2 protein chains.
Amino acid sequence: MNLSDFLLTLIPFTPAELQDISSHFKKENIPKNTLLIEHRQISKKLYFIEKGMGRSYYLKEDGKEVTQWFFGVGKFMSSVDSFFQQSPSLYFLETLEDSIVYSISNERMDLLFSKYHKMEQLGRLVSIEMLTKVVNKLNAIQFQTARERYDYMLAEFPDISYRVPLGHIASYLGMTQETLSRIRRG
Amino acid sequence: MNLSDFLLTLIPFTPAELQDISSHFKKENIPKNTLLIEHRQISKKLYFIEKGMGRSYYLKEDGKEVTQWFFGVGKFMSSVDSFFQQSPSLYFLETLEDSIVYSISNERMDLLFSKYHKMEQLGRLVSIEMLTKVVNKLNAIQFQTARERYDYMLAEFPDISYRVPLGHIASYLGMTQETLSRIRRG
DNA sequence: GGTTTCTTTTGACCTATATCAAAAACGGTT
DNA sequence: AACCGTTTTTGATATAGGTCAAAAGAAACC
């Protein structure tokens with residue numbers, strides 16, 4: 001899904017607005033397994049995924065990676081707090097497949113927010129959508145058994161779940177990869 | 001903290017704007033343990049808490065209440081998805097103390113959003129703040145031991161943690177009240 | 001102030017999931 | 001197609017935290 005089409009699904013931008021907004025994004029091809037943000041860096045860019053996918057994760061003290069979120073086609077990908085509050089990121093962000101993204105800097109994003117009331121509205125809508133998704137995951141993690149969490153995953157990211165290594169999914173769901181493997185078996 | 005003061009901490013509204021915006025909110029006194037939203041209802045109002053506190057929770061199939069979030073002074077309280085997307089609420093919302101709140105309907109909120117670009121911006125900032133808080137909780141729940149989660153709670157809601165029943169806190173942290181009791185002991 | 005009801009603590013036992021270790025399967029490369 | 005590194009599966013064992021039950025402590029109410 002390309003950026004303009006996505007924007008139109010949420011807000012009725014005029015062709016001129018759409019043109020201007022799009023011009024602030026830069027289309028980029030990013031190979032698989034590219035690090036976009038590292039821990040402690042301040043996130044400079046927000047990415048809209050036209051094709052491919054990514055994930056955010058962090059490193060525990062023992063060195064284990066823990067997937068925090070998956071980002072699929074038609075979503076914005078970033079280390080949210082770092083990008084919007086220009087604070088050091090707790091997370092790493094990486095692509096998991098060769099991807100086509102539209103990137104935009106924090107400065108340009110703020111510019112668009114102040115230039116277009118509609119853009120601000122889009123920001124609010126996207127934030128709330130993300131918020132409700134995170135809340136859903138929280139509920140899954142907090143109250144469900146490992147098997148139920150896996151079912152939640154299949155519902156939330158049906159396409160992603162078989163495209164990425166088992167270990168990424170297991171840590172995303174707050175379980176070990178051995179446990180996930182046993183669950184999958186049946 | 002009253003509403004106008006709070007609004008000014010985020011956005012430099014003019015006195016006239018502040019006056020107009022405030023006029024759409026209604027100040028209400030709500031007694032302790034009042035249900036503001038029930039499961040399956042569509043949330044009609046958003047509340048800003050001037051004094052007191054509340055929580056959202058839901059009922060598991062076995063009838064147990066699970067606290068989903070605590071709302072303290074100077075925060076907006078609602079069943080987010082239900083209010084903003086006018087969908088049936090998954091949660092119950094209740095006051096835990098006698099409270100003074102400013103309430104506003106979904107229609108009036110939308111009106112303010114479209115009338116004031118600044119208000120839309122406020123909505124975005126508040127959403128993102130909430131999003132980062134929920135993400136923090138998610139991390140606590142997903143990767144930390146029961147004891148560490150309790151420490152997270154003390155940091156996030158220092159004042160709240162000794163004002164509400166143990167059971168509310170335990171379920172908020174994804175553990176049983178027996179476990180929390182044992183942790184507190186030492 | 002004594003009774004009822006709700007909340008917290010304590011104890012004994014159990015289970016889902018973690019950990020550790022090794023084998024098997026898979027994927028990319030020459 | 002044989003090799004090497006990565007990912008997944010399997011098995012044995014350990015443990016954090018859950019469950020159930022009952023006692024102790026607080027709070028609410030007449």
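Descriptive notes on the structure:
- Residue match in segment B:116-133 (condition: part of a loop (DSSP other than H, G, I, E, B) and either loosely packed, with under 14 Cβ neighbours inside 10 Å or within 16 Å of DNA strand D (Cβ to nearest atom) (or both)): no
- Options B:Ser161, B:Ser99, B:Ser103; residue that is more than 10 Å from every other protein chain (Cβ to nearest Cβ), within 16 Å of DNA strand C (Cβ to nearest atom) and either touching a Cys at 6+ places or on another chain (Cβ under 6 Å) or within 27 Å of B:Met1 (Cβ to Cβ) (or both): B:Ser161
- Members of segment B:46-76 found to be among the hydrophobic types (A, V, I, L, M, F, W, C), more than 13 Å from chain A (Cβ to nearest Cβ) and either out of contact with any strand residue (DSSP E or B) (no Cβ under 7 Å at 6 or more places or on another chain) or closer than 14 Å to B:Val101 by Cβ (or both), listed by number: B:Phe48, B:Ile49, B:Met53, B:Phe71, B:Val73
- Test for A:Ser89: is it free of Cβ contacts under 8 Å to residues at least 24 places away in the same chain and of a type in the set (Ser, Thr, Tyr): no
- Residues satisfying the criterion are absent from segment B:79-92 (criterion: of a type in the set (Asp, Glu), away from chain A (no Cβ under 14 Å) and within 14 Å of the chain's Cα centre (by Cα)).
- Extreme residue, surrounded by the fewest Cβ atoms within 10 Å (Cβ to Cβ), among residues of segment B:171-186 that are within 15 Å of B:Thr67 (Cα to Cα) and within 8 Å of DNA strand C (Cβ to nearest atom): B:Gln177
- In segment A:143-154 there is at least one residue matching the filter, namely being surrounded by fewer than 19 Cβ atoms within 10 Å (Cβ to Cβ), away from DNA strand C (no atom under 13 Å from the Cβ) and more than 13 Å from chain B (Cβ to nearest Cβ).
- Conditions (1) under 21 Å from the mean Cα position of the chain (by Cα); (2) within 28 Å of B:Leu8 (Cβ to Cβ); (3) open to solvent by 20 Å² or more (accessible area, probe 1.4 Å); number of the one not met by B:Lys137: (3)
- Of all residues in segment B:166-180, those that are over 20 Å from B:Lys133 (Cβ atoms) have Cβ atoms under 9 Å from Cβ atoms of residues that are among the β-branched types (Val, Ile, Thr) and more than 6 Å from DNA strand D (Cβ to nearest atom), 6 or more apart or on another chain, in B:Gly167/B:Thr67; B:Gln177/B:Ile169; B:Leu180/B:Ile169.
- Just one residue in the set A:Ile49, A:Ile30, A:Ile37, A:Ile42 is among the hydrophobic types (A, V, I, L, M, F, W, C) and open to solvent by 30 Å² or more (accessible area, probe 1.4 Å); that residue is A:Ile42.
- Residue within segment A:112-131 that is in contact (Cβ under 8 Å) with a residue 24 or more places away in the chain, within 16 Å of B:Asn139 (Cα to Cα) and either under 12 Å from the mean Cα position of the chain (by Cα) or at the interface with chain B (Cβ under 9 Å from one of its Cβ atoms) (or both) present: yes
The values are calculated or read from the model by the stated rules, or taken from the named source; none is laboratory data. Here the structure is a predicted model, which means the values were calculated and not measured. As a convention, Cβ positions derive from the backbone with ideal geometry for all residues, glycine included, and neighbour counts pool all protein chains shown. For accessibility, only protein heavy atoms count, side chains too; no ligands or nucleic acids. Shrake-Rupley method; radii C 1.70, N 1.55, O 1.52, S 1.80 Å.
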